[in-house]
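Peer 1: Submitted below is the structure of interest, expressed as structure tokens.
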Amino acid sequence: MDRARLAEFLRTRREALQPEDVGLPRGQRLRRTGGLRREEVAALSDMSTDYYSRIEQQRGPRPSEQMLAAIARGLRLSLQERDHLFRLGGYPTPRRSPRTDHINPGMMRIFDGLGDAAAQVVSSLGETLVQTRLASALLGDETAHTGLARSLHYRWFADPDSRRLHPVEEHPGQSRLIAADLHHAYTRDGRHSWAGRIVDALLVRSPEFAALWREHPVPGPHCGPKIIRHPQLGLLELHCQILVDPDQSQALQVFTATPGSESHGKLQLLSVVAGQGI
């Protein structure tokens, strides 16, 4: 670990960012230096200000790989910058693969500007990497799952509760779409990939998935119109726009409703409730 250069690298990247770059208000308090404050980077990285400050001040324990990955996301580092950060921390660079929790900075900047929308970034295997507050209120906290259950593709066939947001009549179509999406990832990444592990588990656990898998399903239109059955607000008819990052195999999903519709009013009400943290 090169403690001095690690601290210097973090400081330069922090000072290069402005609050607007990460979706934060500039605030009224005068900033003594350009860039973000340490407490802002700590909040973006889901760690305490004291912990982050000690790294920049060349104090404290050696940060773990998980902490460095969190800082890389908080500072909106590119993959090359993330790899450099890991080397300064004394770790091998993370393996480049389609399955990664690192979000491309460009994608993250777009996400930062959607704080009032129902938006989330998902991997090609249906793993939700980050959600806005409204998306979490609409769909539930999909970032809390672990193991194979991180993938919606797995949960859909293995956990009946994952289907509760969708009307029963839409389940067959959704099942075919998810199976086709997983088939595409399996073909791309190979049998020994994370997609392969999900497929192997589902072939044993879900007869429905096994039947669909034998048909060699091909993906259709991604993220089209959706009907969500919210536990408090009832049915919402939503549209889903999607922006794909070809380098990361990740996608930004944004859920909207037709202005003036009943679903639009419900989504606005949910936005108010989410903003109040209820």
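Peer 1: Which one of these is exposed (fewer than 15 other Cβ atoms within 10 Å of the Cβ), farther than 20 Å from PRO19 by Cβ, of a type outside the set (Lys, Arg) and touching a residue at least 12 places away in the same chain (Cβ under 8 Å): GLN66, GLN80, GLN57?
Peer 2: GLN57
Peer 1: Surrounded by fewer than 18 Cβ atoms within 10 Å (Cβ to Cβ), farther than 29 Å from ARG109 by Cα and touching a residue at least 12 places away in the same chain (Cβ under 8 Å) - does that describe any residue in segment 138-145?
Peer 2: No, segment 138-145 contains no residue that is surrounded by fewer than 18 Cβ atoms within 10 Å (Cβ to Cβ), farther than 29 Å from ARG109 by Cα and touching a residue at least 12 places away in the same chain (Cβ under 8 Å).
Peer 1: Oh, and also: Hey, ALA195 hits all of (1) surrounded by fewer than 16 Cβ atoms within 10 Å (Cβ to Cβ); (2) touching a helix residue (DSSP H, G or I) at 6+ places or on another chain (Cβ under 9 Å); (3) closer than 24 Å to ASN104 by Cβ but one; which does it fall short on?
Peer 2: The one condition ALA195 does not meet is (1).
Peer 1: Further question: Out of everything in segment 216-240 that is surrounded by fewer than 12 Cβ atoms within 10 Å (Cβ to Cβ) and modelled with pLDDT of 80 or more, what residue ends up being farthest from the chain's Cα centre (by Cα)?
Peer 2: Here the residue is HIS216.
Peer 1: Okay, moving on. Give ASP189, ASP181, ASP112 a once-over and let me know the one that is modelled with pLDDT under 90, surrounded by 15 or more Cβ atoms within 10 Å (Cβ to Cβ), closer than 21 Å to ALA69 by Cα and not aromatic (Phe, Trp, Tyr).
Peer 2: ASP112
Peer 1: Could I ask something else about it? Could we say that ASP46 is modelled with pLDDT under 90 and closer than 24 Å to GLY140 by Cβ here?
Peer 2: Yes, satisfied.
Peer 1: Out of all the residues in segment 119-132, is one or more part of a loop (DSSP other than H, G, I, E, B), more than 22 Å from VAL244 (Cα to Cα) and assigned by TED's automatic domain parsing to the domain that holds THR187?
Peer 2: No, segment 119-132 contains no residue that is part of a loop (DSSP other than H, G, I, E, B), more than 22 Å from VAL244 (Cα to Cα) and assigned by TED's automatic domain parsing to the domain that holds THR187.
The values are calculated or read from the model by the stated rules, or taken from the named source; none is laboratory data. In this text, all values refer to a predicted model and were calculated from it rather than measured experimentally. Ideal geometry is used to build each Cβ from the backbone, glycine not excepted, and the neighbour counts take in all protein chains shown.
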